[in-house]
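The values are calculated or read from the model by the stated rules, or taken from the named source; none is laboratory data. None of the values given here were measured: they were computed from a predicted structure. As a convention, Cβ positions derive from the backbone with ideal geometry for all residues, glycine included, and neighbour counts pool all protein chains shown. Each accessible area value is taken on the protein alone, full model and side chains, heavy atoms only, with ligands, DNA and RNA left out. Shrake-Rupley method; radii C 1.70, N 1.55, O 1.52, S 1.80 Å.
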Amino acid sequence: MAAGNNSTLDTTELMTGKDGKLFVEVNGVNTFLAEINEFKVAMNVNTAEYQGVGSILVGTVPTGVTFDLTYTEAVIRDDVIMAPLLTAIQNGYLPVYNFQGVNTKPDGSSEGRIAFNNAVPNGTIDLMSLTPGDVIKRANSFRLNSIPKMISEMAAKHLYN
């Protein structure tokens with residue numbers, strides 16, 4: 001048996017949502033989006049099917065990838081995302097945003113940071129969505145026109161054999 005196949009995870013290294021942050025670049029400075037209570041960046045793999053003559057097997061051929069960033073924010077400000085978005089649309093174009101997602105180890109020893117650049121609005125973006133008795137929130141959706149770039153990465157410190 002190879003070394004490391006019998007490792008046990010040290011659960012003190014597990015992170016939760018409180019250990020992550022999302023930033024957006026505003027005028028060259030990364031601004032923490034503290035009003036966001038959930039965000040997600042997903043990779044979608046596009047494929048084509050191919051079945052060769054005489055084969056019962058239908059194969060899958062990867063043809064490309066897309067990346068989507070979605071988040072929900074509590075509405076406390078409009079100046080960072082919404083106002084620039086609506087102003088740009090009034091001027092006949094959609095703005096491009098750069099985001100960074102960060103996960104930090106609970107003890108602060110290291111962080112994983114990924115750049116999500118060239119993000120353009122995509123799909124449905126809530127302008128206003130109100131329900132009596134609830135916190136006012138907005139859902140946002142972006143498509144990344146760049147492959148996410150790993151800025152810093154984490155490794156497990158404590159794997160026990």
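On the given criteria, is Phe67 closer than 20 Å to Gly17 by Cβ, assigned to a strand (DSSP E or B) and hydrophobic (A, V, I, L, M, F, W, C)? Can you show your working first?
Working: closer than 20 Å to Gly17 by Cβ: no; assigned to a strand (DSSP E or B): yes; hydrophobic (A, V, I, L, M, F, W, C): yes.
So Phe67 fails the test.
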Looking at (1) among the charged types (D, E, K, R); (2) without any contact (Cβ under 8 Å) to a residue 40 or more places away in the chain; (3) within 22 Å of Asn145 (Cβ to Cβ), which one does Lys18 not meet, given that it meets all the others? (3)
Of the listed residues (Gly101, Gly112), the one being in contact with a Ser or Thr (Cβ under 7 Å, 6 or more places away or on another chain), under 13 Å from Pro148 (Cα atoms) and not polar (S, T, N, Q) is Gly112
Test set (1) farther than 19 Å from Thr66 by Cα; (2) within 11 Å of the chain's Cα centre (by Cα); (3) of a type outside the set (Asp, Glu) - Gly92 fails condition number: (2)
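Only one residue in Val135, Val96, Val120 is over 18 Å from Thr16 (Cβ atoms) and in contact with a Lys or Arg (Cβ under 6 Å, 6 or more places away or on another chain). Which one? Break it down into steps so the answer makes sense when it comes.
Working: Val135 fails: in contact with a Lys or Arg (Cβ under 6 Å, 6 or more places away or on another chain); Val96 fails: in contact with a Lys or Arg (Cβ under 6 Å, 6 or more places away or on another chain).
Exactly one of Val135, Val96, Val120 is over 18 Å from Thr16 (Cβ atoms) and in contact with a Lys or Arg (Cβ under 6 Å, 6 or more places away or on another chain), namely Val120.
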In region 71-161, which strands (runs of 3 or more DSSP E) lie fully inside it and hold 1 or more residues that are surrounded by 17 or more Cβ atoms within 10 Å (Cβ to Cβ) and touching a residue at least 40 places away in the same chain (Cβ under 8 Å)? 97-104, 111-121, 137-144
Any pair with Cβ under 8 angstrom, 6 or more apart, that starts in region 49-61 at a residue that is polar (S, T, N, Q) and ends at one that is assigned to a loop (DSSP other than H, G, I, E, B) and open to solvent by 100 Å² or more (accessible area, probe 1.4 Å): Gln51/Leu57
Answer with yes or no whether Thr124 is among the hydroxyl-bearing types (Ser, Thr, Tyr), closer than 17 Å to Leu69 by Cα and either in contact with a Gly (Cβ under 7 Å, 6 or more places away or on another chain) or modelled with pLDDT of 90 or more (or both). yes
